[in-house]
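Asks: Before we start, here is the structure in question, set down as structure tokens.
The values are calculated or read from the model by the stated rules, or taken from the named source; none is laboratory data. Because the structure is a prediction, the values reported are computed rather than measured. Neighbour counts run over all protein chains shown; Cβ positions are idealised from the backbone, glycine included.
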Amino acid sequence: MRAALLIARRELGSYLRTMNGYIIAAAVLLVDGILWNAFALGAQQDKHSAEVLSDFFYFSSGTTMIAAVFLSMRLLAEERQTGTLVLLTSSPVRDREIILGKFFSSLAFLAMITLATAFMPALIMINGKLSIGQVAAGYLGLLLLGSAALAIGTLGSALARSQVLAAILSGAMLVGLIVVWLLAGVSERPLNDVFLALALWGRHFPPFQAGVINLRDVAYYLLVTYFALFAATRVLEARRWQ
Amino acid sequence: MAIRPWPSLVYATGLLLIYVGERLLAAGQASAVLTVVGVAAVLGAAAWRGLGARKTSAGVRSTARMLLVLYGLGALALMLHFASSDFGARLFGRPLDLRMPRLAGALAVLWPSLMLAGTLPVLLVELSLAGMAHAPVLDSRRVRAAMLSGLGTALAIVFCFSVAYVTAERNLKVDLAYFRSARAGTATKKLVAALDQPVQVYLFYPPANDVARNWLATSPI
């Protein structure tokens, strides 16, 4: 675990020392701000505070997933592209520690970006009433969704040979997991149950928006994170038998 | 190296035919034909793999045996599926979920798990073998690592679905939003319905309250 934390610290440093991390953070905060002003606050005067907050989390969930794809695309694909993956895998570090270290670094950076948006819900206090519970639930949902999206991105980065391909692959997997919600409506049992259980956003995120925390939703995001990281480790290990 | 991917391809085609026959087509002659051909393909693939590895080196034979065991897992999964399907109902007289509902429930979970544990490792073993297509000697440790990787992934999928199912069934809910309109419970509704006098309700809210505005907007009164 110490090796994983060492890798995480080094990777987090690379986000903070280079422009890439700041560009992604600035882009996410800019888009979040525009969506907040244009849609969450909107022109509608008689909007409840809870609706504004719910809309904020609705839009932030999209930007969080996109940020997760951009943050994770470089994790392993960049190492492979620059030829440093061999150095990393031949060092006395387990494959799962490499994956965990890289994942934790991007999760920490994503958490920083997500928490940097906290001033937007705080603005509600000027003309409305802020429910701290709903804010906490919404941010918990964003972090869990971001964690799942980052883990999927890490898997995409482990599979791809270049960063662009990693982003495309991760984006495709994320979109697939989101639109599977629509497939549930047109398929029969037991497949529709499987599709419903797999849907990344449609079933599991809206309760967080409304301030409701369900054990099933928390477990779902943790399981997606676990499985994607497990699969990424298996992909990295595959060099031994491929 | 004398281990070929064709039996695995026949095995996969057989499973696909069974899926189409059982799930995509309506019950009828076409569905039955596809299912029977699919089962024959699965059994044929196992026989082909077993017979093909008889006069080969020890390494190839152990790999073929490993694949044979995985095909066997798939075939066992199919047997369990058929036992709990319409075919089983025709064979035993009554549907299994009516005769033994707990067993039917267990089989509904067991057969997809076995199918996954029998199919995913085959895919990874074949990928590993494809990587050694031109190697003079088969490295059985690489094949074994691929098989274990596939098996581990299959078990991880089963674990994830199991935990997701249990947490969905035993869900705990915490509502942290202050903004929510309280709803009367069943007992309260029954009590009010049994009253023969009109009920007067007094609600006290501070001015410009979200809950009050929502209540006024949605209340039928």
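Asks: Checking residue A:166 against (1) touching a Gly at 6+ places or on another chain (Cβ under 6 Å); (2) surrounded by 22 or more Cβ atoms within 10 Å (Cβ to Cβ); (3) facing chain B (nearest Cβ under 10 Å), which single condition isn't satisfied?
Replies: (3)
Asks: Sticking with this structure for a sec: Against the conditions (1) among the small types (Gly, Ala, Ser); (2) assigned to a helix (DSSP H, G or I); (3) surrounded by fewer than 18 Cβ atoms within 10 Å (Cβ to Cβ), where does residue A:43 fall short? Just the number, please.
Replies: The one condition residue A:43 does not meet is (2).
Asks: Among the residues in region A:59-69, are any in contact with a helix residue (DSSP H, G or I) (Cβ under 6 Å, 6 or more places away or on another chain), free of Cβ contacts under 8 Å to residues at least 40 places away in the same chain and within 24 Å of residue A:239 (Cβ to Cβ)?
Replies: no
Asks: Count, please, the residues in region A:33-71 that happen to be within 22 Å of the chain's Cα centre (by Cα) and within 12 Å of chain B (Cβ to nearest Cβ).
Replies: Residues that pass the stated criteria total 3.
Asks: Taking region B:144-203 on its own, how many of its residues are facing another protein chain (nearest Cβ under 10 Å) and among the basic types (Lys, Arg)?
Replies: Residues that pass the stated criteria total 4.
Asks: If you don't mind, there's one more thing I want to ask. Regarding region B:159-179, can at least one residue be identified that is of a type outside the set (A, V, I, L, M, F, W, C), surrounded by 15 or more Cβ atoms within 10 Å (Cβ to Cβ) and either at pLDDT below 90 or over 30 Å from residue A:208 (Cα atoms) (or both)?
Replies: yes
Asks: Quick one: is residue B:35 surrounded by 15 or more Cβ atoms within 10 Å (Cβ to Cβ) and not in a helix (DSSP H, G or I)?
Replies: No: the conditions fail for residue B:35.
Asks: To continue, here is another question. So if I check each of A:145, A:169, which one is of a type outside the set (Val, Ile, Thr), modelled with pLDDT of 95 or more and farther than 21 Å from residue A:25 by Cβ? Spell out the reasoning first.
Replies: Details: A:145 fails: farther than 21 Å from residue A:25 by Cβ.
Going through A:145, A:169 in turn, the sole match is A:169.
Asks: A further question on this structure: If you scan region A:205-226, which residues turn out to be more than 10 Å from chain B (Cβ to nearest Cβ) and either surrounded by fewer than 19 Cβ atoms within 10 Å (Cβ to Cβ) or within 25 Å of residue B:112 (Cα to Cα) (or both)?
Replies: A:206, A:221, A:225
Asks: Would you be able to say whether some residue in region A:173-193 is buried (at least 19 other Cβ atoms within 10 Å of the Cβ), away from chain B (no Cβ under 13 Å), touching a residue at least 60 places away in the same chain (Cβ under 8 Å) and part of a helix (DSSP H, G or I)?
Replies: For region A:173-193, residues buried (at least 19 other Cβ atoms within 10 Å of the Cβ), away from chain B (no Cβ under 13 Å), touching a residue at least 60 places away in the same chain (Cβ under 8 Å) and part of a helix (DSSP H, G or I): present.
Asks: Given the structure, is residue B:117 aliphatic (A, V, I, L, M) and either in a loop (DSSP other than H, G, I, E, B) or buried (at least 16 other Cβ atoms within 10 Å of the Cβ) (or both)?
Replies: Working: aliphatic (A, V, I, L, M): yes; either in a loop (DSSP other than H, G, I, E, B) or buried (at least 16 other Cβ atoms within 10 Å of the Cβ) (or both): yes.
Yes; evaluated as a whole, the condition is true for this residue.
Asks: Of the residues in region B:129-142, how many are closer than 18 Å to residue B:58 by Cβ and at the interface with chain A (Cβ under 7 Å from one of its Cβ atoms)?
Replies: First, the residues of region B:129-142 that are closer than 18 Å to residue B:58 by Cβ: B:129, B:132, B:135-142.
With the extra rule that they be at the interface with chain A (Cβ under 7 Å from one of its Cβ atoms), the set shrinks to B:142.
Looking only at that region, the number is 1.
Asks: Suppose we filter B:123, B:110, B:127, B:98 for residues that are surrounded by fewer than 19 Cβ atoms within 10 Å (Cβ to Cβ), free of Cβ contacts under 8 Å to residues at least 24 places away in the same chain and touching a helix residue (DSSP H, G or I) at 6+ places or on another chain (Cβ under 8 Å); which single one remains?
Replies: After ruling out the rest, the residue left standing is B:127.
Asks: Name the residue, out of A:120, A:65, that is crowded, with 19+ Cβ neighbours inside 10 Å, modelled with pLDDT of 90 or more and farther than 30 Å from residue B:152 by Cα.
Replies: Residue meeting the stated conditions: A:120.
Asks: Six or more apart or on different chains, Cβ under 6 Å: which pairs go from a residue in region A:128-149 that's within 8 Å of chain B (Cβ to nearest Cβ) and free of Cβ contacts under 8 Å to residues at least 24 places away in the same chain to one that's part of a helix (DSSP H, G or I) and of a type in the set (Val, Ile, Thr)? Could you list them?
Replies: Listed pairs, sorted by first residue: none to list.
Asks: Here is a further query. Report, by residue number, each residue of region B:130-153 that is in contact (Cβ under 8 Å) with a residue 40 or more places away in the chain and of a type in the set (A, V, I, L, M, F, W, C).
Replies: B:130, B:132, B:133, B:135, B:137, B:138, B:143, B:147
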